Amino acid sequence: MTAGMDPTAPPSGTGCVECEAEGGWWFHLRRCAACGHVGCCDSSLGKHASAHFTATGHRYVQSFEPGEDWYWDFVARELLDGPSLAPPASRPESQPSPGPRGRVPGNWRALLALP
């Protein structure tokens with residue numbers, strides 16, 4: 001196990017903690033490998049996964065998207081391998097990306113400056 005990762009920490013929920021609290025939306029989700037905090041990716045407006053790293057120093061996140069198991073190290077700025085984390089391993093497949101359903105504006109691509 002990599003120091004700074006706790007494979008037993010469950011995810012904080014099925015969506016970005018801060019976006020949920022604010023009534024916002026996200027593009028993709030990332031899960032902190034130290035405490036389970038689920039935040040939105042840097043392509044999202046809130047960038048809450050990065051904000052969590054800045055606030056806590058928890059440097060490792062894993063994708064919280066279905067079918068993805070890669071890790072990112074915010075300090076080294078590189079992908080890495082890591083342990084299996086406590087389930088669930090991703091947001092529910094029934095939850096769309098971007099999400100959550102019903103809160104994503106129709107012009108979301110323009111808001112995120114995506115093609």
- Selection count, region 43-60, where residues are among the hydrophobic types (A, V, I, L, M, F, W, C) and closer than 11 Å to residue 75 by Cα: 1
- Message: For region 36-62, give me each residue that is of a type in the set (Val, Ile, Thr) and over 15 Å from residue 4 (Cα atoms).
- Response: 38
- Out of all the residues in region 103-115, is one or more surrounded by 14 or more Cβ atoms within 10 Å (Cβ to Cβ), in contact with a strand residue (DSSP E or B) (Cβ under 7 Å, 6 or more places away or on another chain) and touching a residue at least 12 places away in the same chain (Cβ under 8 Å)? no
- Item | So residue 94, is it within 14 Å of residue 11 (Cα to Cα) and either small (Gly, Ala, Ser) or outside any loop (DSSP other than H, G, I, E, B) (or both) | no
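FYI, it's all coordinate maths here, none of it is from the lab. Fair warning: this is a prediction, and the values are worked out from it, not measured in the lab. Note that we place each Cβ from the backbone using ideal geometry, even for glycine, and neighbour counts take in every protein chain shown.
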